[in-house]
1. Can you find a residue that is farther than 27 Å from residue 272 by Cα and without any contact (Cβ under 8 Å) to a residue 40 or more places away in the chain anywhere in segment 202-221?
2. Which of the numbered conditions does residue 214 fail, given that it passes all the others? Conditions: (1) more than 28 Å from residue 124 (Cα to Cα); (2) within 22 Å of the chain's Cα centre (by Cα); (3) assigned to a helix (DSSP H, G or I).
3. Against the condition more than 18 Å from residue 38 (Cβ to Cβ), over 18 Å from the mean Cα position of the chain (by Cα) and outside the structural domain of residue 23 (by TED's automatic domain parsing), how does residue 132 come out, does it pass?
4. Just checking, which of 264, 231, 288, 236 is loosely packed, with under 12 Cβ neighbours inside 10 Å and part of a helix (DSSP H, G or I)?
5. Within segment 1-57, which residues are of a type in the set (Phe, Trp, Tyr) and either in contact with a helix residue (DSSP H, G or I) (Cβ under 7 Å, 6 or more places away or on another chain) or in contact (Cβ under 8 Å) with a residue 60 or more places away in the chain (or both)?
6. Quick check on residue 119: is it assigned by TED's automatic domain parsing to the domain that holds residue 183 and either touching a Gly at 6+ places or on another chain (Cβ under 9 Å) or of a type outside the set (Asp, Glu) (or both)?
7. Given the options 63, 34, 29, name the one that is buried (at least 19 other Cβ atoms within 10 Å of the Cβ) and either touching a Lys or Arg at 6+ places or on another chain (Cβ under 9 Å) or not assigned by TED's automatic domain parsing to the domain that holds residue 196 (or both).
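The values are calculated or read from the model by the stated rules, or taken from the named source; none is laboratory data. What you are looking at is a predicted structure, and each value in this text was computed from that prediction instead of being measured. For neighbour counting, all protein chains shown are included, and Cβ atoms are generated from backbone atoms with ideal geometry for every residue, glycine included.
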Amino acid sequence: MRNQLLIALLLGLVSAVVFASATTGPVLFRYVLFLLTSLPIFLAGLGWGWRFAAVAGGASATFVGLLAGPLAGAIYALTQIVPAIILSYLALLNRAYKPEGSDAAVTEWYPVGRLVLWAAVMAGTITLLVLLIIGQDFEELRAGLKTYLSEAIKTSMPESAGGAPLDEQQLETMTNIVVAVMPAASAVSWLTALVFNLWLAGRITLAAGQLQRPWPDISAMEFPPGTALMLLASMLGTGAKGIAGAVGTAFLGAFFLAYVFAGLAVIHYVTRGKSWRSLGLWMLYVGLLIVAVWIAVIIALVGLAERPLRLRDRAFPSGPPPPPAPVAT
């Protein structure tokens, strides 16, 4: 127990250092570090349980708070630590039951689809918190973004280096574009970070022989009934004015990406056993990187079509080939 607590504390320290490092350096480098900030907390959670994730997160938030102030520590805890603890808890949640006609107990683990859906809700909520921090109302939000853009442009394109400052109309236009796009882009970034870190921590702890649950069949993931209504509600919410529209846009981005994940899972599932599977998946992901929006829309539609059309069942009426089982080393 003492060694596990020490490991949790060290992982919390690593998370805080990564978070601090994400504030300096090139933009791509900072984004990668930001993406990996909560990974140590997920490692503690999946490797030793959510309580150790809480220990790691508490140590990490305390360290950030001491260095950057209580407000920074609180924001860091709400946006990075709390989601990692909750998802770690849910990922290890299970129940044992005896199927009808059998005396052997079966352990059922929390479904992957629900984990992704919770992550999407958290991503939208985190984005809402960030929006409220920037501005308590929509006009304050716009003013905050306008100031930020103006300072960012002056920093990245100083007049001494030949960069001409934007006039008021150009700055206003750019502000409007950012206000419209930022909530969805932010939610997509948060959801990507949460899902990626959860998956990567699972792979690392599995390889180390420390994962506290069996590896799930990710390509068989499904969302609970009614999830599409959440996507529709967020889509309708984007038409609202002010901060309510920004909130709708944020959750639309989160639920849209969740359905992209669902569509990718369906594609991985229905291509099992195909000779062209590896090449086809590589081409799909390359296309997703090059023409991200349109390919992502098609993939999301596949995810939406799974429940009414049962695409997996149609692809394998007699049952699919078993998924390749990851091997712990």
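1. Within segment 202-221, none of the residues are farther than 27 Å from residue 272 by Cα and without any contact (Cβ under 8 Å) to a residue 40 or more places away in the chain.
2. Every listed condition holds for residue 214 apart from (3).
3. Values: more than 18 Å from residue 38 (Cβ to Cβ): yes; over 18 Å from the mean Cα position of the chain (by Cα): yes; outside the structural domain of residue 23 (by TED's automatic domain parsing): yes.
So residue 132 passes the test.
4. Values: 264 fails: loosely packed, with under 12 Cβ neighbours inside 10 Å; 231 fails: loosely packed, with under 12 Cβ neighbours inside 10 Å; 288 fails: loosely packed, with under 12 Cβ neighbours inside 10 Å.
So the residue among 264, 231, 288, 236 that is loosely packed, with under 12 Cβ neighbours inside 10 Å and part of a helix (DSSP H, G or I) is 236.
5. Going residue by residue through segment 1-57, those that are of a type in the set (Phe, Trp, Tyr) are 19, 29, 31, 34, 42, 48, 50, 52.
Listed by number, the residues that qualify are 19, 34, 42, 48, 50, 52.
6. On the way: assigned by TED's automatic domain parsing to the domain that holds residue 183: yes; either touching a Gly at 6+ places or on another chain (Cβ under 9 Å) or of a type outside the set (Asp, Glu) (or both): yes.
So residue 119 passes the test.
7. Values: 34 fails: buried (at least 19 other Cβ atoms within 10 Å of the Cβ); 29 fails: buried (at least 19 other Cβ atoms within 10 Å of the Cβ).
None of the other options fit; the residue is 63.
For every residue, the table says whether it meets (1) assigned to a loop (DSSP other than H, G, I, E, B); (2) free of Cβ contacts under 8 Å to residues at least 12 places away in the same chain; (3) hydroxyl-bearing (Ser, Thr, Tyr).
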{"residue": "86", "(1), (2), (3)": "no, no, no"}
{"residue": "89", "(1), (2), (3)": "no, no, yes"}
{"residue": "100", "(1), (2), (3)": "yes, yes, no"}
{"residue": "108", "(1), (2), (3)": "no, no, no"}
{"residue": "114", "(1), (2), (3)": "no, no, no"}
{"residue": "120", "(1), (2), (3)": "no, no, no"}
{"residue": "123", "(1), (2), (3)": "no, no, no"}
{"residue": "126", "(1), (2), (3)": "no, no, no"}
